[in-house]
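Data first, discussion second: the structure below is written as structure tokens.
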Amino acid sequence: MKVNLPPFHGLHTLTFLTTLLLVCFMYNSDAQIDIEYQLPHKDILDIADATPSPLISMDEAGKVALLLYRNKYKSIDELSEVEMRLAGLRINPITFSGSRTNFYNFIKILSVQNKKEIAVEGLPHESKISNLSWSPDESKVAFTITESGGVALWLLDMATASAKRITDSNLNATYGSPFVWLRDNSGLLVKMIPQNRPVIMDQTKVVPSGPTVSVNDGSKAQNRTYQDLLKNKVDEDNFENLTTSEIWKVSIDGQSIKWGNKAMYAGMSLSPDGKYVLLSKVNRPFSYIVPASRFPRTYTIVDLDGNEVHDLYSSPLLEEIPKGFMATQTGPRSINWRSDLPSTLYWAEALDEGDPDNEVEYRDAVYQLNVPVKGDKTLLFKTKLRYSSIYWGNDETAIARSMWWNTRTERTEVFNPSDQSKSSKLLNERNYQDNYNDPGFPAFENNEYGRSVLALREGNIFLVGDGWSDEGKHPFIDQLNLNNGEKKRLFQTNKNEKLENIIRIINIDKGIILTRIESQEDFPNYYLRGFKNNTLEAVTAFPNPIQILQNVHKEIITYQREDGLELSGTLYLPVDYDKDKKEKMPMIMWAYPREYKDVSTAGQVTSSPNQFTFPNYGSPVFWVNRGYVVLDAAAFPIVGEGDDQPNDSFIKQLVSNAKAAIDAVDALGYIDRNRVAVGGHSYGAFMTANLLSNCDLFAAGIARSGAYNRTLTPFGFQAEERNYWEAPEVYYAMSPFMHADKMKTPMLLIHGEADNNSGTFPMQSERYFNALKGLGATVRLVLLPKESHGYASRESVMHMLWEQDQWLEKYVKNKHKLAVQTP
């Protein structure tokens, strides 16, 4: 945009300089507030501090389960521990582990048959437990405990309900899983810090020997705006030192021998028969523009003694992948073991040079290689779309999935992996955003190697689906004949006032499944259901920790926007609201825009009114206890059919979605439409800023951890594939920063100071705030120390809730008082 400046002479010069100084003063004047962490109103605090129920991990037979207890929040002390941000990783250099790891603090064993809970003996008080893994025979569970000086490996004996430590606190848990079980249950392969512990350098104390220089030879490297990247040689050395491990073989009694030499191990995977290990190692050269997942790697096959048996593949640095969501690398990718064979590797390779703009009949080919290697790779299958995954059954049956993002298309085909002369058979080709016609996901069972394979019965597979429809969510199990395509429904949950989710199939022959049942009044609990003999056995009896929300009115409302598109949202009325009196209340609307390529899928309802209300830290539902109507998960579809892209009419559709939602709730008689707030997180924050700049529907807004200037994400964002130079008018129109002069509505900006999400740099909120402040808008910026894209510490979450409550009380609930005070 061209800006014309006045000529520099006489009075014009003085006027211009005065104006310039005034603008500089506006941008740089001190308006910071020294404030300590605050607690929200008790009506919010009581709900936000509710104790979460334990998570559950059940054995394959459905006889015993682990109850995994955890704290709801971290503490700000935990987030303040030393942290290095390197190549997309966040690492604690003291403990050689992920600095943002979520932990369990206690474990109990639950007997499913008699409902008896047994506390595990031997665990330290308030342990930091992570990386849980059942042994192949499920007699033990391996896990790590992070201590002040490092990470140690522990074993839980299921028979005795006792845990013991089997290594020193010397595991390397910085990148990938730190251990893997041996097939015979005798022990584990464990990544450990090298015996000569590397020196980690403090960047602030290193005297540079020269500048950091980046170059390009003319190649296109159109990468997204990643965060936490390497920046200099010190970062490079620290990354290598922190991710370098030795692999040791550790027996279950704690005896250990060195197994693998020093390397930057990214992964280790045992073959199903347990005789071979696929190792992936990160190599130099590193990059300053892409994360570690795209650094060079070598893939090597070794035997159980650690001897190399085959050098499989070396991938290059992946800085220059073609543009587009369907772009990929050339050469082997997604290298894995076939779960149905003893030791056979398979992978995909692009047939279009990884470039979605190249027109070819087949996009990818899938190959396999038997180990020990006695020949070349063999072709298994070709895909017309981009390869996604394979579900292995046996020598004659496997199912392949491929997809194409641009058309939202997914293909599922069954093929014979032992006979490439037989053509594959198309099971379905569908819009993967079409939830109403989702056929479901194949059911699996463990084979002789303890690996998951398709549950096959005389040419039939079993599909587990969510069962979304106009009547809500009613999960199902179907039997599908792969030969003739005939489908038979074996089970579907009842269409009543409870929500039942199928967690997994325990025994398909006996018809036993693990489900979770809940309702608006009933806290979620687990059950074993026998759908063949119509039995239902409770597994858990977790109590409801938040009684106050139990009787809150909740419903899914549907309505239309002006172009006829069906929309929906979950409507909550305030605690003890009198529906007969219908007092006009303030409302909070919370949403997140989603892109679609057709109208029919954009209007589908995928929320259930029967789900128990247990708000997470960022939910707006807390405010039903503060006298607000809440419209949560309001549908904000952005549709672009055919050659039209969704973002070509982003603002128009955004405002239309908002107006339709307010009109719908207003028509029910519950709200004062002059006292409506809008809010969102991440892309929802971006939505909020755009709404406040482009309509007058709202009294205030809350925008958390958003991006507001799309020119700072020039190579695409969210679902936008085009770069800035291909669609500058779209980037400009969608950037709230470019329209800050239109902002007339009070807006609260909140951002984690250590945001790691691609594109949502804290600078986005800082620069946007400065622009709004300079232009005289009513705005408040809250930066939460140490917090990432999602907020973790109790101090930060409670303060965030306090900030939001204060903002809503002042600018929404009591908006009329502000009008009276205005001269």
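Were the residues from R673 through L39 laid out at 0.36 nm apart, the gain over their Cα-Cα distance would be 225.3 nm. By definition, a body whose alpha carbon gyration tensor gives a ≥ b ≥ c is oblate when a/c is 1.5 or more and a/b is not larger than b/c, and region 544-584 fits this oblate description. Shown here: Cα extents along the principal axes in Å, derived from the displayed model; of the candidates (1) 86, 72, 59; (2) 76, 67, 63; (3) 94, 77, 49, it corresponds to (1). In sequence order, region 431-441 has phi-based couplings of 7, 6, 8, 7, 5, 5, 10, 6, x, x, 10 Hz under the Karplus curve 6.51 cos²θ - 1.76 cosθ + 1.60, θ = phi - 60°, and Gly or Pro positions carry x.
Would region 110-158 count as rounded, prolate or oblate if I go by the C-alpha gyration tensor, calling it rounded below 1.5 in a/c and otherwise prolate when a/b exceeds b/c, oblate otherwise? Here region 110-158 falls in the oblate category. Rounded to 0.05, the FRET efficiency of the S389 and R284 pair, given R0 = 35 Å and the Cβ-Cβ distance, is 0.70. Toward the positive end of the charge dipole of the chain, with +1 on the Cβ of Lys and Arg and -1 on the Cβ of Asp and Glu, the farthest Cα among F491, V676, S600 is that of V676.
When the charge dipole of the chain is built from unit charges on Cβ atoms (+1 for Lys and Arg, -1 for Asp and Glu) and taken about the Cα centre, the candidate among S452, P194, P620 whose Cα reaches farthest toward its positive end is P620.
Around the Cα centre of region 265-419, unit charges on the Cβ atoms of Lys, Arg, Asp and Glu (plus for the first two, minus for the last two) sum to a dipole of about 440 debye.
What the phi angles of region 82-94 give under the Karplus curve with 6.51, -1.76 and 1.60, with θ = phi - 60°, is a coupling list of 4, 9, 10, 10, 9, 6, x, 9, 10, 10, 8, x, 7 Hz, glycine and proline written as x. If R0 is taken as 51 Å, the Cβ-Cβ distance between M201 and N481 corresponds to a FRET efficiency of 0.25.
Taking every DSSP bridge with both residues inside the chain, close to 85 percent are antiparallel. Considering every alpha-carbon pair of region 29-106, the percent of pairs per 5 Å bin, from zero through the bin containing the longest distance, is 3, 10, 13, 13, 14, 16, 15, 9, 3, 2, 1, 1, 0, 0. In terms of overall dimensions, the C-alpha atoms belonging to region 324-476 reach 56, 43, 25 Å along their principal axes, ordered largest to smallest. Counting every C-alpha pair in region 557-681, the share spaced more than 21 angstrom apart comes to 39%. Taking each of K582/K810; K63/K140; K63/K510 in turn, the alpha-carbon distance tops 18 angstrom for K582/K810. For the residue pairs K275/K374; K115/K164; K498/K554, the C-alpha atoms sit more than 21 angstrom apart in K115/K164.
Computed from the Cβ-Cβ distance with R0 of 51 Å, the FRET efficiency linking K510 to E726 stands at 0.35. Taking every protein chain into account, the accessible area of region 312-409 amounts to 42 square angstrom per residue (probe 1.4 Å).
Site pair D644 and K817 shows an inter-label distance of 4.6 nm when each label is modelled 7 Å from Cα along Cα→Cβ. Under the convention that each Lys and Arg Cβ holds +1 and each Asp and Glu Cβ holds -1, the size of the dipole of the chain around its Cα centre is about 740 debye. Ignoring ligands, DNA and RNA, what percent of the accessible area of region 601-645 is carbon or sulfur (1.4 Å)? On region 601-645, the fraction of accessible area on carbon and sulfur atoms equals 36 percent. Per residue, the convex hull spanned by the Cα atoms of region 462-613 measures out at 165 cubic angstrom.
Using the Cβ of S219 as centre and a radius below 9 Å, the other residues enclosed give a net charge of -2, where K and R count +1 and D and E count -1. Computed from backbone phi, the HN-Hα couplings of region 61-73 come to 7, x, 9, 9, 9, 9, 9, 10, 8, 8, 6, 5, 10 Hz, rounded to whole numbers (Karplus: 6.51 cos²θ - 1.76 cosθ + 1.60, θ = phi - 60°; Gly and Pro given as x).
The values are calculated or read from the model by the stated rules, or taken from the named source; none is laboratory data. These numbers come from a predicted model, not from an experiment. Every residue, glycine as well, gets a Cβ built from its backbone with ideal geometry; the counts of neighbours run over all protein chains shown. The protein model used for the area step is the full one, side chains on, heavy atoms only, and it has no ligands, DNA or RNA in it. Shrake-Rupley method; radii C 1.70, N 1.55, O 1.52, S 1.80 Å.
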